[in-house]
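For reference, the structure is listed below as structure tokens.
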Amino acid sequence: MFPAGLAAAFQQRFTDAGVEVRTGLRVESGQETTDGVTLTLDDGTTITADAAVAGLGIEPLTQLAEDAGLAVDDGITVSSTLVTDDPAVFAAGDVASYPDRLLGTRRVEHVDNAQQQGRQAGRNLAGAGETYDHTPMFYSNVFDLGYEAVGVVSSSLRSVEDWAEPDVTGVVYHLDDDDLVAGVLLWNVPGKTDEARKVLAEAHALTPDMLPGTITAD
Ligand SMILES: Cc1cc2nc3c(=O)[nH]c(=O)nc-3n(C[C@H](O)[C@H](O)[C@H](O)COP(=O)(O)OP(=O)(O)OC[C@H]3O[C@@H](n4cnc5c(N)ncnc54)[C@H](O)[C@@H]3O)c2cc1C
């Protein structure tokens, strides 16, 4: 997700905290023992631990919706009012593929979206008929670091980095193929997600050289 320099600094924080990070390896097999688990990696080495946690991403459970004849494309397809193609059925959260006002059709796997979309679907179930116009942010807190992001955050995109302190406090703007801002990463810059949404809303008017200083760290 992060630019190379930031990714390296982030990984170093784990190493400094005593975490051994093993990348580019696959788990070949695992065995439960009386003391915990032993994993065998594809380079032949083994790891013994009290427990193993698999963080592998999710696949939305859409079978129920499919069986009910609802449109499904990656997630359950909903309109801007979060209704499926059956007017009596709504979907929200990780499972819903919706048209975002700023970012286009997407399915989001984050808390802010699940909460805001859940509220909106509830209101619309009660007859409000309102558009979901909240472009969600996602966040994480790791050690003493906190980051928030809005839009597409991917190392495959070109980025403009604006650091108050390199890889510690700053803003990364991710650009699409037309050099327009597609995502904003706020690194240890709390409380600025509305400013990030404003940048995305005005992306068409912002050239890359205008971005540094648009969102400040203070
Ligand atoms: C390990 C982990 C770490 C995460 N960290 C972050 C983070 O740092 N920041 C962040 O923003 N997000 C994070 N997320 C994502 C966040 O947790 C999800 O986006 C959020 O929980 C989605 O809420 P939801 O209500 O849409 O779905 P869920 O929380 O998945 O709830 C769906 C519920 O529906 C139930 N269900 C499914 N099918 C049926 C059925 N047929 N009948 C009845 N019930 C059914 C399920 O059992 C489940 O309880 C993380 C997720 C995981 C797994």
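Largest first, the three principal axis extents of the alpha carbons in the chain are 56, 50, 29 Å in whole numbers. Once the Cα-Cα distance is subtracted from the 0.36 nm per residue extended length, the residue 178 to residue 207 segment shows a gain of 9.5 nm.
Can you tell which of 79, 7, 37 lies farthest toward the positive end of the dipole of the chain, using +1 and -1 charges on the Cβ of basic and acidic side chains (Lys, Arg; Asp, Glu)? After comparing all options, I get 79.
If only the Cβ of Lys and Arg carry +1 and only the Cβ of Asp and Glu carry -1, the dipole of segment 137-210 around its Cα centre is close to 220 debye.
Between 78, 108, 19, the residue with the greatest mean-square fluctuation in the GNM of the chain (Cα pairs under 10 Å linked by springs) is 19.
Estimated from the Cβ-Cβ distance and a Förster radius of 22 angstrom, the FRET efficiency linking residue 142 and residue 111 is about 0.90. When the alpha carbon coordinates of segment 137-210 are projected onto the principal axes, the ranges are 36, 22, 21 Å, largest first. Could you look at the chain and say what percent of its accessible area is carbon and sulfur, using a 1.4 Å probe and all protein chains? Within the chain, the accessible surface is 49 percent carbon and sulfur. Using a cutoff of 8 angstrom between alpha carbon atoms and counting only pairs six or more residues apart, the relative contact order for the chain works out to 12 percent. The dipole here belongs to the chain: it is taken about the Cα centre, uses +1 on the Cβ of Lys and Arg and -1 on the Cβ of Asp and Glu, and is about 420 debye. Count Lys and Arg as plus one, Asp and Glu as minus one, and take only other residues whose Cβ is under 12 Å from that of residue 51; the net charge is then -3.
Computed over segment 63-125, the alpha-carbon pair-distance distribution with 5 angstrom bins reads 4, 21, 32, 27, 14, 3, 0, each value a whole percent. Summed over the residues of the chain and divided among them, the accessible surface reaches 57 Å² per residue at a probe radius of 1.4 Å.
The values are calculated or read from the model by the stated rules, or taken from the named source; none is laboratory data. Please read these numbers as outputs of a predicted model, since none were measured by experiment. All Cβ positions, glycine included, derive from the backbone under ideal geometry; neighbour counts span all protein chains shown. SASA here: full protein model, heavy atoms, side chains in, ligands and nucleic acids out. Shrake-Rupley method; radii C 1.70, N 1.55, O 1.52, S 1.80 Å.
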